[in-house]
Amino acid sequence: MSNPFYLTRAADLDDNQITKLWVDPSSNLMRMLRPASRLPMLILGGRGSGKTHLLRYFSYPVQRRVYGADKMLSHVRDTGYLGIHTRCMGLYTNRFTAKRMSESQWQALFSFYVELWFGQLILQTALDFIKDANALDSFDENDVVRQLIGLFDDKPSQVIQTLTEYSAFLKHLQRDLDGQVNMASFRQPICPQFLINSGRLTFGIPKIFGESIPCLKEIQFTLFIDEYEHLYVEQQKNINTLLRERENPVSFKIGARLHGMRTYQTWGGDEELKEGSDYELLNLDVDLRSDKFNYQEFATELCLARIKFENSGWPSGWNDQNAALMFAKTFEASLPVEETVRLQLQKRSGDSPWIENVSSALTAHLNVVGKLGINNAQDVVTILERLRFVDNPLIEKTSTFIFYGAWEDQQNLLEAAESIQNSALEYSLKPKPENLHAKKLNHFSEDMRDQMLADLKMDQNVGPKGLLSRYLGVETWIRMSDGIIRNFITTLKHVYDWALFRGEGIYSSSAITLSSQSQGVLDASRWFINDANVLESDRGMVDASVKRIANLLRKLRFSEKPSECSLCRFSVNLNTTSPQARRIIEAAEMWSFFIRDRDRRQRNPGEQLTVLRINPLVAPQYYLPVSARGNIDLSAEDCLAIFASQNDADFKRIEREKVGRCTPPFNKRLIDYDNEPDLLRLSSI
């Protein structure tokens with residue numbers, strides 16, 4: 001038995017796998033890509049968002065597999081395009097630099113090389129289509145070849161009479177140039193046999209074919225250029241120029257990671273590409289996550305396609321109608337948090353940890369609470385009695401949360417505890433929207449549940465019974481992938497690896513245990529963090545910054561009085577932050593550690609805050625929520641300490657100040673964790 005999710009990168013799939021594993025439930029991807037559109041498109045997305053699979057699927061070789069060679073004439077006519085796919089990695093762009101020649105010379109050679117590269121791809125794809133359409137006798141091949149030769153300024157010395165010979169000639173030129181480039185460090189400057197102006201082959205070949213070959217008349221030649229991030233700035237300028245100065249019937253679909261567009265400039269007086277006139281933008285991450293229902297359907301069907309492909313059919317007992325249900329049932333389900341908490345509390349003697357925390361906080365700060373109606377130890381006992389609700393741990397936990405709020409507001413704590421007691425009883429009998437407990441649980445229920453698990457010390461990789469149980473199950477993993485499908489596939493890969501290692505029957509009901517799921521989620525989270533190839537100069541600061549902001553959000557979320565619910569977001573004014581802090585924030589966003597939510601206006605006119613949240617796949621490392629609701633604002637000083645400072649002491653000062661506002665005695669002073677007994681648990685969460 002093998003892992004159906006062992007391949008996670010579309011670049012590692014062959015054309016047959018690209019075909020069999022393709023999923024587009026509502027044809028949304030076809031409408032988003034618009035492969036026959038004349039307006040070029042930039043397709044941006046995080047690593048693993050599906051760009052390569054998308055571009056390869058709509059290329060001619062894969063479409064030929066889908067519809068069959070005998071149907072390609074009608075299919076191309078119906079769709080109106082011929083898809084030509086290439087990866088920029090195949091250009092081996094690092095060769096075109098240094099080595100005894102000027103940058104302008106290298107750029108001219110790279111431009112020539114691109115023409116040879118694109119020319120061969122266009123020619124070969126067109127030839128494949130012409131053969132499939134049985135159209136070899138429908139045009140004068142000698143005349144077409146004569147026109148193609150005319151694209152060169154100098155006529156080749158050898159005789160070229162057929163399209164096959166012309167293709168071989170282009171390949172010969174490329175090989176000759178490859179050899180000279182590879183040996184450039186050891187020989188005299190390169191002197192290629194031919195040079196050709198940018199665009200002559202890229203636009204010339206399709207134009208000649210469209211005018212001379214009937215089956216290609218009015219057909220769009222769409223170049224799918226993938227992995228654009230592998231090109232250097234000057235090299236991107238070359239292809240940006242082709243895009244801006246494109247000629248019919250040629251168009252471009254360029255796929256790149258979020259950070260992959262190094263420049264929008266062209267060689268035309270360094271003019272920049274303009275969205276709307278020169279290209280349209282498709283952000284796969286944003287588009288896929290914008291419709292959660294369709295994305296969940298898409299992710300589920302992708303899983304089923306892999307299982308069916310790997311097993312050469314459905315596993316025993318599965319069929320087209322029940323496959324989604326059977327897949328969901330293969331994963332053991334965890335107990336509800338309240339039930340887990342009750343079982344743990346039954347093993348304890350005395351009060352729950354959250355009641356004990358209230359007692360410790362009041363005792364440690366008697367001098368402060370003495371001003372809030374507590375005069376002696378008996379008052380503390382009275383308060384604890386009023387807060388207890390042993391029949392329902394969630395209500396009891398919420399009572400302590402409300403009590404801390406009263407403390408922060410400087411209310412009389414004895415009176416507040418009495419009101420809380422009445423609210424708890426009312427909520428247990430018949431919850432009402434205006435009830436104090438109902439209001440808090442409407443926002444903070446998930447935080448209260450996670451705090452109970454943390455208070456019970458179920459957080460140190462205990463596994464399925466601890467906080468990691470909050471990150472288990474297919475629906476949760478789909479939410480955690482947040483529009484980046486490879487993150488979902490990678491999570492399943494690690495989960496299935498553990499299940500197979502333990503000998504679990506991966507297609508049986510509840511066969512994939514909670515332990516395998518927990519280990520798989522942790523491995524996927526570590527993979528995501530370690531896999532990012534952030535620029536070396538920024539990698540250390542990006543890592544440190546992600547840890548800092550995630551730890552700050554974690555401590556605020558698990559504090560006695562968190563000010564925001566489901567806290568995994570922060571907002572910054574990028575216009576007022578230091579250049580270094582802004583660079584690190586943007587680098588972390590480009591590598592999907594941070595995901596941008598909608599920007600929002602500050603109270604002051606004209607000032608805009610950028611809202612970012614921690615990627616859900618990072619969440620298990622810090623016990624942050626998968627779904628975001630709350631948000632903290634970071635000042636320019638905060639950003640400097642978190643994202644730009646080399647000194648952890650600067651960050652610790654900011655952290656202590658912010659956490660101190662959410663921790664007894666709520667006096668906004670700087671907190672010394674080492675000397676605050678009620679804060680000790682935060683250091684272990």
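The values are calculated or read from the model by the stated rules, or taken from the named source; none is laboratory data. All figures in this text were calculated on a predicted structure; none of them were measured in a lab. Please note: Cβ atoms are built from the backbone with ideal geometry, for glycine as well, and neighbour counts cover all protein chains shown.
So, Asn631, is that one touching a strand residue (DSSP E or B) at 6+ places or on another chain (Cβ under 7 Å), outside any loop (DSSP other than H, G, I, E, B) and not β-branched (Val, Ile, Thr) or not?
So Asn631 fits the description; yes.
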Determine which single condition Pro61 fails, assuming it passes every other condition in (1) assigned to a helix (DSSP H, G or I); (2) at pLDDT below 90. (2)
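Name the one entry in Ile208, Ile213 that is more than 39 Å from the chain's Cα centre (by Cα) and surrounded by fewer than 21 Cβ atoms within 10 Å (Cβ to Cβ).
Criteria check complete, one pass: Ile208.
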Residues in region 345-392 that are surrounded by 11 or more Cβ atoms within 10 Å (Cβ to Cβ), acidic (Asp, Glu) and under 24 Å from Asp447 (Cβ atoms) total 2
List pairs: first residue in region 136-163 and under 28 Å from Leu73 (Cα atoms), second residue among the acidic types (Asp, Glu) anywhere in the structure, Cβ distance under 7 angstrom, at least six positions apart or on different chains. Thr162/Glu141; Leu163/Glu141
Tell me which helices (runs of 4 or more DSSP H) are completely within region 318-429 and hold 3 or more residues being touching a His at 6+ places or on another chain (Cβ under 8 Å), or say none if there are none. 393-408, 413-429
Counted residues, region 238-272 - those being in contact (Cβ under 8 Å) with a residue 40 or more places away in the chain, touching a strand residue (DSSP E or B) at 6+ places or on another chain (Cβ under 8 Å) and more than 19 Å from Ile205 (Cβ to Cβ): 7
Residue list for region 590-608, filter: more than 25 Å from Tyr622 (Cα to Cα), assigned to a strand (DSSP E or B) and at pLDDT 60 or above: Gln608
Under 9 Å between Cβ atoms, at least 6 apart or on separate chains: pull out the pairs that start in region 106-122 with a residue that is in the same structural domain as Ile239 (by TED's automatic domain parsing) and part of a helix (DSSP H, G or I) and end on any residue that is crowded, with 23+ Cβ neighbours inside 10 Å and hydroxyl-bearing (Ser, Thr, Tyr). Val114/Thr202; Glu115/Thr202; Phe118/Thr202; Gly119/Thr202; Ile122/Thr202
Quick check: anything in region 495-505 hydrophobic (A, V, I, L, M, F, W, C), part of a helix (DSSP H, G or I), touching a strand residue (DSSP E or B) at 6+ places or on another chain (Cβ under 8 Å) and closer than 30 Å to Cys568 by Cα? yes
So which helices (runs of 4 or more DSSP H) stay within region 136-226 end to end and still have 3 or more residues that are closer than 22 Å to Leu109 by Cβ and either at pLDDT below 90 or aliphatic (A, V, I, L, M) (or both)? 163-182
In the list Leu304, Leu284, which residue meets the criterion of being touching a Leu at 6+ places or on another chain (Cβ under 9 Å) and more than 30 Å from Ala133 (Cα to Cα)? Leu284
Sole residue being outside the structural domain of Val358 (by TED's automatic domain parsing), of a type in the set (Asp, Glu) and under 23 Å from Thr340 (Cβ atoms), chosen from Glu589, Glu564, Glu560: Glu560
